[in-house]
Amino acid sequence: MTLRELQYLVALATHRNFRRAAEVCLVSQPTLSTQIRKLEDELGVTLVERGARRVMLTPAGRDAVERARRILSEVDEMKEAARHARSSESGTLRLGVFPTLGPYLLPHVVPLIRARFPRLELLLFEEKSDALLARLRQGTLDAAFLALPIHDSRLHSEFLFEEPFLVAVPADHPLAHQGSLSLSDLSRHSLMLLEDGHCLRDQALDVCQLSGARETPEFRATSLETLRQMVVAGAGITLLPVLATRNRPPGSENIRLLGFRDTHPSRQIGMLWRRTSAMNALLKQVAEVCRQLPHDLLEPQPSAPQKDAPAPEAGAA
């Protein structure tokens, strides 16, 4: 049994197709098929059911794939440990981030990381939180930015910062005239939210529960930018994290951003990695660099309340 055979098995389990798995592994399809057969002969069990277009894992195959992933992850960590033993600030860092944070945080933290670790190759991956956690556990990511708390004894977490939420409303919305809100002000309104799978959706639902607000029925956005544009179009109101409000795209003059005066809904952002990671010392340093964001970057900056236009003078044309 070789590591290459285990890599072929994991690729086949991922893509469920011999041709695609062979392309990913940079070998011919007959070569990959032969190596899988060889592995099955050595183990004495069938690992995959071969269909015309798609393969399926047998129970023994699913077990073998999970073990193969753990073995390959350990080998990768062994190699990474050796690289860091030679130079603790070089090598490759595979860093994940979720979609409602990545576009707004990475432009600020990536230059800080590169300035501090000029010899470190940084590979960035954007996926939803559940996918990031799965990749962390499998070893295909070294660390990830995630919303806290995460309850997993296998993972170490470092708190980075707390990010407040603002309410985004159309410029002609009744709430736009207020300088700030209390949670109870939302009780008569519904909020446009993201689709399932986004951690920001769960956080926004918590705000709805506390305030008595409702979710806008029959609409779920795939991104924060979709939510923003729906507010621009006057379709409703939503919650936006502060970092997502820093750069004002076209149409932002039609949005008012409102803070809270009685309580301050927010999300906590942390950096997580496996407790067994050979990169532990480096990752602690990277986390410390990520804490060096400018303080005012996370300060809410609500829009000024909209003032009614003065009434025209008598006799004015």
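The values are calculated or read from the model by the stated rules, or taken from the named source; none is laboratory data. For clarity, every value in this text was computed on a predicted model and none was experimentally measured. As a convention, Cβ positions derive from the backbone with ideal geometry for all residues, glycine included, and neighbour counts pool all protein chains shown.
Do the conditions hold for L26, that is, is it closer than 25 Å to G139 by Cα and in contact with an Asp or Glu (Cβ under 8 Å, 6 or more places away or on another chain)?
Values: closer than 25 Å to G139 by Cα: yes; in contact with an Asp or Glu (Cβ under 8 Å, 6 or more places away or on another chain): no.
No; evaluated as a whole, the condition is false for this residue.
Just checking, which of A144, A131, A168 is of a type in the set (A, V, I, L, M, F, W, C), part of a helix (DSSP H, G or I) and assigned by TED's automatic domain parsing to the domain that holds R201? Explain how you work it out, then say what you get.
Numbers: A144 fails: part of a helix (DSSP H, G or I); A168 fails: part of a helix (DSSP H, G or I).
Checking each option against the conditions leaves just A131.
Determine which member of the set L106, L123, L136 is assigned by TED's automatic domain parsing to the domain that holds L160, outside any loop (DSSP other than H, G, I, E, B) and surrounded by fewer than 14 Cβ atoms within 10 Å (Cβ to Cβ).
On the way: L106 fails: surrounded by fewer than 14 Cβ atoms within 10 Å (Cβ to Cβ); L136 fails: surrounded by fewer than 14 Cβ atoms within 10 Å (Cβ to Cβ).
Exactly one of L106, L123, L136 is assigned by TED's automatic domain parsing to the domain that holds L160, outside any loop (DSSP other than H, G, I, E, B) and surrounded by fewer than 14 Cβ atoms within 10 Å (Cβ to Cβ), namely L123.
Which one is farthest from I237 (Cα to Cα), of the residues in the range 187-204 that are free of Cβ contacts under 8 Å to residues at least 40 places away in the same chain and surrounded by 15 or more Cβ atoms within 10 Å (Cβ to Cβ)?
Residues of the range 187-204 free of Cβ contacts under 8 Å to residues at least 40 places away in the same chain: 187-188, 195-196, 201-202, 204.
Within this subset, residues satisfying the condition of being surrounded by 15 or more Cβ atoms within 10 Å (Cβ to Cβ) are 201-202, 204.
Details: R201: 14, D202: 17, A204: 12 Å.
Selected residue: D202.
Could you check the range 208-228 and list, in sequence order, the residues that are over 19 Å from Y104 (Cβ atoms), in a helix (DSSP H, G or I) and either hydrophobic (A, V, I, L, M, F, W, C) or not assigned by TED's automatic domain parsing to the domain that holds L175 (or both)? If you could, list the steps in order and put the result at the bottom.
Here is the first cut: in the range 208-228, the ones over 19 Å from Y104 (Cβ atoms) are 208-220.
Applying the additional criterion that residues be in a helix (DSSP H, G or I) yields 208-211.
Within the range 208-228, C208, L210 meet the criteria.
Take the residues of the range 70-115 that are farther than 26 Å from A147 by Cα and in contact with a Gly (Cβ under 8 Å, 6 or more places away or on another chain): which is modelled with the lowest pLDDT? Quick ask: steps written out before the conclusion?
Residues of the range 70-115 farther than 26 Å from A147 by Cα: 71-72, 74-76, 78-91.
Imposing the further condition that a residue be in contact with a Gly (Cβ under 8 Å, 6 or more places away or on another chain) reduces the set to 72, 74, 76, 80, 83-84.
Values: L72: 90, E74: 85, D76: 83, E80: 71, R83: 68, H84: 62.
By that ranking, first place goes to H84.
Give the range 110-120 a look and list any residue that's surrounded by fewer than 14 Cβ atoms within 10 Å (Cβ to Cβ) and assigned to a loop (DSSP other than H, G, I, E, B), or say none.
Once the filter is applied, which keeps residues that are surrounded by fewer than 14 Cβ atoms within 10 Å (Cβ to Cβ) and assigned to a loop (DSSP other than H, G, I, E, B), the range 110-120 yields P118, R119.
Hey, could you check the range 229-288 for residues that are outside any strand (DSSP E or B) and of a type in the set (D, E, K, R) and say which is modelled with the lowest pLDDT?
As a first pass, look at the range 229-288 and keep what is outside any strand (DSSP E or B): 229-236, 242-254, 261-265, 275-288.
From what's left, of a type in the set (D, E, K, R): 246, 248, 253, 261-262, 275, 284, 288.
Values: R246: 85, R248: 70, E253: 79, R261: 89, D262: 82, R275: 93, K284: 95, E288: 96.
Only one residue tops the list, namely R248.
Among the numbered criteria (1) at positive phi; (2) out of contact with any helix residue (DSSP H, G or I) (no Cβ under 9 Å at 6 or more places or on another chain), which single criterion is violated by R119?
(1)
Pull up the range 240-264, narrow it to residues that are surrounded by fewer than 21 Cβ atoms within 10 Å (Cβ to Cβ) and touching a Leu at 6+ places or on another chain (Cβ under 9 Å), then point me to the one that is nearest to L205 (Cα to Cα).
This residue is T263.
If I ask for residues that are more than 20 Å from T58 (Cβ to Cβ) and either in contact (Cβ under 8 Å) with a residue 60 or more places away in the chain or among the hydrophobic types (A, V, I, L, M, F, W, C) (or both), which ones from the range 23-40 would you list?
First, the residues of the range 23-40 that are more than 20 Å from T58 (Cβ to Cβ): 23-31.
Those that are more than 20 Å from T58 (Cβ to Cβ) and either in contact (Cβ under 8 Å) with a residue 60 or more places away in the chain or among the hydrophobic types (A, V, I, L, M, F, W, C) (or both): V24, C25, L26, V27.
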